[in-house]
Each structure stands twice: as structure tokens, then as C-alpha cells.
Amino acid sequence: MVCVACRRWSGRALCSACRIGLGPGPERLLSFGIARSGFIHEGAARTLVHRLKYEAVVAAGQILAAEAMAHLLPHDARALVPIPRTRWRTIRYGVDAAAVLADQLSGLTGVPALTVLTPALYGRRHAGRVLSQREVPMFGLAGRVPAGAVLVDDVLTTGSTLEAAAATLGGNVSAAITATVSV
Ligand SMILES: [Zn+2]
């Protein structure tokens, strides 16, 4: 078979050379709880996320869920809530990466995946401020989640997306897990 990351011939879905380059991601404390990430967003881990996110390679999501994320899920997790991709990106790339990861994790752990967040609209945190161009996502809500819900996403960057999602879910989020974290 071919390594999903580097696409060289390999006896495994992820070759040993790619596997060596995977570094565990640091934890980050957010306002609702701890965000845990499987790998640092570099090397083969970054390639795997890219394969899933921009090339719709579901096998990359299977590897990330099984090897980067499943062991990070809190034991008392009651639900998995994927951070939805914007609709135009889902259409353009043919995949919603976090939804794939949540489904894979659900299959591995038995914790249900609940698609209750609807894709983000973006609003300016500081309207009219030239210096602050960062856009903050605002999600819609299409259902309820139990206390102990865990957010699932592909990459953790600033944490603002996870914070916005947790705020939308009204205090029922206890943690987040992502495949990778940029440091
Ligand atoms: Zn490889």
C-alpha cells in the first residue's frame, strides 16, 4: 500500500518515516476547559490534515482519529460535537473534516457524534477597528447537547473558534480535542 501522508510505498497506512516525525501536541487551557491535540501541526501530521481537509482523503481522517485523538477523549465524555466547516468550503473541497473525525471517533469509542452546530458566519470582534482584522466565528445551534460534550476539530490555532462554539452550546462543553495544534 501507499503511505497516506508521503505517498511512498509502505507496508502500513502511515509509513515509519512519517510516524517518526509526529510530535505530541501541548495541551491548552481555554475558558470552558482543556483542549488536547494529538500532534503538533507540522511534517506528516500537517500533511495528514491537508489530505483530509483539501483532498477529501478519508483514510487520513481514520489515522488521525485513531492515532492522534481517541486516547485524548475524556473518560466521562457524553457527546462529540464537530466544529462545522463553512458550507462553501465543504462544497469546494467535498469534505467536512471535523465531521469525519467525529464520526471516526464515535466508531472507535462509542460516544455519539452530535451535529448540532451549524456553520459559522463571521463577525468582526471590533467593528470599525483598522488594527484588528481578526474575524470571530458565530455558530448557529440546531439541537441540544448533554453536559460533558467534547468539541472536535482538525486544527487548533488561536482557540477562538472553539471558544465561540462552546459559548454557543451554553456551558455544556467540558473539553475539546483536535488532531493537531499549531504552536
Ligand atoms: Zn510516509
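The values are calculated or read from the model by the stated rules, or taken from the named source; none is laboratory data. The structure displayed is predicted, hence computed values, not measured ones. Here the Cβ is made from the backbone with ideal geometry for all residues, glycine too, and neighbour counts use every protein chain on show. Heads up: the accessible areas ignore ligands, DNA and RNA and are worked out on the full protein's heavy atoms, side chains in. Shrake-Rupley method; radii C 1.70, N 1.55, O 1.52, S 1.80 Å.
Just name the residue that is nearest to the chain's Cα centre (by Cα) out of those in the range 52-95 that are surrounded by 21 or more Cβ atoms within 10 Å (Cβ to Cβ) and over 18 Å from G107 (Cβ atoms).
This residue is I83.
Given the structure, is R28 crowded, with 18+ Cβ neighbours inside 10 Å, of a type in the set (K, R) and within 15 Å of the chain's Cα centre (by Cα)?
no
Just wondering, is there one or more residues in the range 83-97 that are part of a loop (DSSP other than H, G, I, E, B) and modelled with pLDDT under 95?
Checking the range 83-97: at least one residue is part of a loop (DSSP other than H, G, I, E, B) and modelled with pLDDT under 95.
Can you name every residue in the range 107-134 that is out of contact with any Gly (no Cβ under 8 Å at 6 or more places or on another chain), modelled with pLDDT of 95 or more and open to solvent by less than 30 Å² (accessible area, probe 1.4 Å)?
V111
When only residues in the range 3-25 that are open to solvent by 60 Å² or more (accessible area, probe 1.4 Å) and near the ligand (Cβ under 10 Å from one of its atoms) count, which is nearest to the chain's Cα centre (by Cα)?
This residue is R19.
Just one of A98, A44, A35 is in contact with a Lys or Arg (Cβ under 9 Å, 6 or more places away or on another chain), within 14 Å of the ligand (Cβ to nearest atom) and under 15 Å from A179 (Cα atoms); which is it?
Only one candidate qualifies: A44.
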